[in-house]
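Here is the structure we will look at.
The values are calculated or read from the model by the stated rules, or taken from the named source; none is laboratory data. Computed from a predicted model, the values in this text were never measured in an experiment. With ideal geometry, Cβ positions are generated from the backbone for all residues, glycine too; neighbour counts draw on all protein chains shown. Just so you know, the surface numbers come from the protein's heavy atoms only, side chains and all, with ligands and any DNA or RNA stripped out. Shrake-Rupley method; radii C 1.70, N 1.55, O 1.52, S 1.80 Å.
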Amino acid sequence: MKTKSIKYILAAGLVCCGLSTTMTSCNSVLDEQPRSNFDPSFFNTKAGIEGGLTSLYAHLRYFYGNGYYLNTLETGTDEYTYAQSADGNFKDADLTGVGSVTPTSTVAGGAWGTLFANINTASGIIENGTAAGMDASLLAEAYFFRAFDYFILVQTYGGVPLDLGAGELKFNTSTTRTSVRNTVPEVYTKCIFPDLEKAVNDLPENPRLTGTATKNLARLYLSKAYLTYAWWLENPNNIPTYPECTREAGQAQSYFQKAFDMAKAAIDNPGPYALQPTFYDVNVATNDRNSEIMLYADHDEDEKYGNGGAGYGWGSGGSPENFAYWMETWNYTEMTAKAASGAVINPVQREAVQGLGRPWTRMATVADAFMKGGVWEDEVKAIDSRYDATFTLSYFTNWDKAGNSEPYVTGANGSQIKPGESYFSWVPESEDANINYTGADGKLGFGEMAGRPDFVVAVNHISRKKYPINWKLGIYRTDNAGGLGSKVNGGSPRPWNVAKFSEFYLIAAEAAVKLGKNDDAKKYVNVLRERAGKQTYCVNKRAPQTADHSAEMLAATPATITIDFILDERSREFWGEGYRWFDLVRTQKWAERAGVYHIAGSGYTDKDLEEFKRDIPAGYYIRPIPQGQLDGMEMTAEEKAAYQNPAYRN
């Protein structure tokens, strides 16, 4: 099916629960015009409904691909901490005392305003679509997105308002300055579950356009919502909720069963979706929009339509650009080398290719994940292709693409490194004893190993200054014309992958663990592990590589599957993509798994790991309501205080 670039209307509903409204005209891209109210007739026409539907997809760009939103879901977990160039947005999220989470921080804001605006648009479509002559399958897309957005909100903040001013789940057309939060069970049972169940029933098996919602996409979020609610009901670690309400723990098993059944139904009836043959195939840019990707925030190289009108030259660092990959990219361009002529040059320059791109050094991988006992420990690295296809571990020289004719630079052990060859690599922890860190590259603290021309550092010396880049998220362009790329500093024209068919297997496995079905848990997790053992291309050699470690991967699967093992597998599948905070909060493992981490310092040559302890109180398992929401409401100080989640009240 051909990908369709579309003009879109952002029929923004009530930003901050109705403090203001925004509509856009349909004859231009993102032409926003603030308004005090909607004309309800807008959604009485087929054209209006179609424009509203298009905006439901466009709104994904305002948080997926936004680096500050990614920060809220990754920094402070067992995957990421703040890096050398981090500002307060990233230090706040780390919870190690260098900042704090408050209602004014970006950690609080997240996607609050964007989601409520979209929810109101979806409600307008639902209320008026039938009268406008819209088919039930089209209206089901609005039901899907209303539930999708509320699911993000309830996981992030606890109970949130279902009434935006006109009644519960009603389309609101005028400003309102009061708000009442519903409880978590009310949000799930009044909106998320019924909306997704309707979407499963009415959506088509196949997308009407490339990337639009389908029956199995709704099944994915319904199974995940059942799973998340089951954990919330069970509440194994007594995590508080807000607004306060009772939890029927005895119902948890029935929701775990629903999650399992729904995920299994999707796996057994995949429709247009399928696992890619290798993990590399899932994430390589040349295979974007493949059969495993069920939903994405779309972009392309047409700047007008692919990025909401924002240019891909010097990036703005704001939505709707896809700039999140910058945050997980250290400044590899600070490497220097002596060239054949004696000149000192940058051997690895900024390039618009997957695995490099624009460096911001805001989010650093924690070292623990790469060391003994971590999800990427040496035993895993040796047989699991996901390691190679997740990280940029080798950095290849490219000075020739900038027009520099130097034939070589001096590498490790006095070797000559030519254009296109590796200058620096991360190596396993077990190799550390074989590395000489003295006398090599003093600037960045690189070391040398006998027989290797490239400089190296073992992963047990990951620092806030240098760390493996997330290759999966990297930029890719088709118009570099043999050079470094004229738009290397901009946002990525790649789609941001939101939902993957592979997650069904991990949802089914997690639910099976909670149901005591170990054989089922092992069966479903092994589907992904078996694939992870197969490799046809090596990212860090930039060359085809045929390997099959699937038998070893299956043999290494523990006899008893635990939630911790499921979390390990989820990290290996979705590292750095924005899943992690939700995973740790859902399973109530955040403090246990991320409370302590190790990393070296922020200096060029820092290599000795330091220990950091995070303060993760139970009340932080939900985020603060943004201060802008509170400031805009015309309510008493007491009412505003009661609206805020308890852990963040002054």
Query - Residue satisfying condition, being over 20 Å from GLY576 (Cβ atoms) and in contact with a helix residue (DSSP H, G or I) (Cβ under 6 Å, 6 or more places away or on another chain), within set LEU506, LEU444, LEU515, LEU473 - result: LEU515
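Residue by residue, here is whether (1) surrounded by fewer than 16 Cβ atoms within 10 Å (Cβ to Cβ); (2) polar (S, T, N, Q) holds:
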site: ALA458; (1), (2): no, no
site: SER463; (1), (2): no, yes
site: ASN470; (1), (2): no, yes
site: LEU473; (1), (2): no, no
site: TYR476; (1), (2): no, no
site: ASP479; (1), (2): yes, no
Query raised in the report: Taking the range 422-447 on its own, how many of its residues are part of a strand (DSSP E or B) and more than 20 Å from MET371 (Cα to Cα)?
Result: 2
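Can you report the number of residues in the range 351-384 which are in a loop (DSSP other than H, G, I, E, B) and within 21 Å of ASN283 (Cα to Cα)? Before you say what the answer is, go through the steps one by one.
Residues of the range 351-384 that are in a loop (DSSP other than H, G, I, E, B), as a first pass: 351-362, 366, 371-377, 382-384.
Filter once more, so that each one left must be within 21 Å of ASN283 (Cα to Cα): 351-359, 375-376, 382-384.
The total comes to 14.
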Query raised in the report: Counting only residues that are under 27 Å from ASN71 (Cβ atoms) and over 23 Å from the mean Cα position of the chain (by Cα), how many does the range 460-480 have?
Result: 2
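Listed here are the residues, each with its yes/no results for (1) over 36 Å from the mean Cα position of the chain (by Cα); (2) crowded, with 17+ Cβ neighbours inside 10 Å.
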| position | (1), (2) |
| --- | --- |
| PHE396 | no, yes |
| LYS401 | no, yes |
| ASN413 | yes, no |
| GLY420 | no, no |
| PRO428 | no, yes |
| ILE435 | no, yes |
| LEU444 | no, yes |
| MET449 | no, yes |
| PRO453 | no, yes |
Query raised in the report: Looking at (1) at pLDDT 95 or above; (2) out of contact with any Phe, Trp or Tyr (no Cβ under 8 Å at 6 or more places or on another chain), which is the one condition that is false for THR478?
Result: (1)
Report summary line: Exactly one of ALA218, ALA230 is over 22 Å from ALA249 (Cβ atoms) and open to solvent by less than 10 Å² (accessible area, probe 1.4 Å), and that one is ALA218
Query raised in the report: Quick check: is even one residue across the range 168-177 in a helix (DSSP H, G or I) and not hydroxyl-bearing (Ser, Thr, Tyr)?
Result: no
Query raised in the report: Regarding PRO34, is this residue at pLDDT 95 or above and either on the phi < 0 side of the Ramachandran plot or assigned to a strand (DSSP E or B) (or both)?
Result: no
Query raised in the report: Of all residues in the range 385-415, how many are over 30 Å from LEU567 (Cα atoms) and part of a loop (DSSP other than H, G, I, E, B)?
Result: 10
Query raised in the report: With LEU196, LEU169 as the choices, which residue is touching a residue at least 24 places away in the same chain (Cβ under 8 Å), among the aliphatic types (A, V, I, L, M) and in contact with a Cys (Cβ under 9 Å, 6 or more places away or on another chain)?
Result: LEU169
**Report entry** Residue in the range 352-387 that is surrounded by the most Cβ atoms within 10 Å (Cβ to Cβ), counting only those that are under 19 Å from the mean Cα position of the chain (by Cα) and either among the hydroxyl-bearing types (Ser, Thr, Tyr) or more than 25 Å from GLY601 (Cα to Cα) (or both)
**Finding:** ARG386
**Report entry** Options ARG623, ARG614, ARG580: the member that is touching a residue at least 60 places away in the same chain (Cβ under 8 Å), within 20 Å of SER502 (Cβ to Cβ) and out of contact with any Pro (no Cβ under 7 Å at 6 or more places or on another chain)
**Finding:** ARG580
Query raised in the report: So which of THR241, THR228, THR212 is more than 29 Å from GLY490 (Cα to Cα), part of a loop (DSSP other than H, G, I, E, B) and out of contact with any Pro (no Cβ under 6 Å at 6 or more places or on another chain)?
Result: THR241
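Please enumerate the residues belonging to the range 59-76 that are assigned to a helix (DSSP H, G or I) and not acidic (Asp, Glu).
HIS59, LEU60, ARG61, TYR62, GLY67, TYR68, TYR69, LEU70, ASN71, THR72, LEU73
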Query - Search result, residues across the range 249-276 that are in a loop (DSSP other than H, G, I, E, B) and either small (Gly, Ala, Ser) or farther than 22 Å from ILE507 by Cβ (or both) - result: GLY271, ALA274
Query raised in the report: Of all residues in the range 81-108, how many are charged (D, E, K, R), open to solvent by 10 Å² or more (accessible area, probe 1.4 Å) and in contact with a strand residue (DSSP E or B) (Cβ under 9 Å, 6 or more places away or on another chain)?
Result: 2
Report task. Specify the residue that is surrounded by the fewest Cβ atoms within 10 Å (Cβ to Cβ); the eligible residues are those in the range 125-159 that are within 16 Å of ILE622 (Cα to Cα) and among the aromatic types (Phe, Trp, Tyr). Result -> TYR157
Report summary line: Note on LEU295: of the conditions (1) under 24 Å from ALA389 (Cβ atoms); (2) of a type outside the set (D, E, K, R); (3) not in a strand (DSSP E or B), unmet is (3)
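Would you say VAL282 is in a helix (DSSP H, G or I), open to solvent by less than 30 Å² (accessible area, probe 1.4 Å) and over 27 Å from ALA142 (Cα atoms)?
Taking the combined requirement at face value, the residue satisfies it.
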Query raised in the report: Residues in the range 362-375: is at least one farther than 29 Å from THR72 by Cβ, touching a residue at least 12 places away in the same chain (Cβ under 8 Å) and not small (Gly, Ala, Ser)?
Result: yes
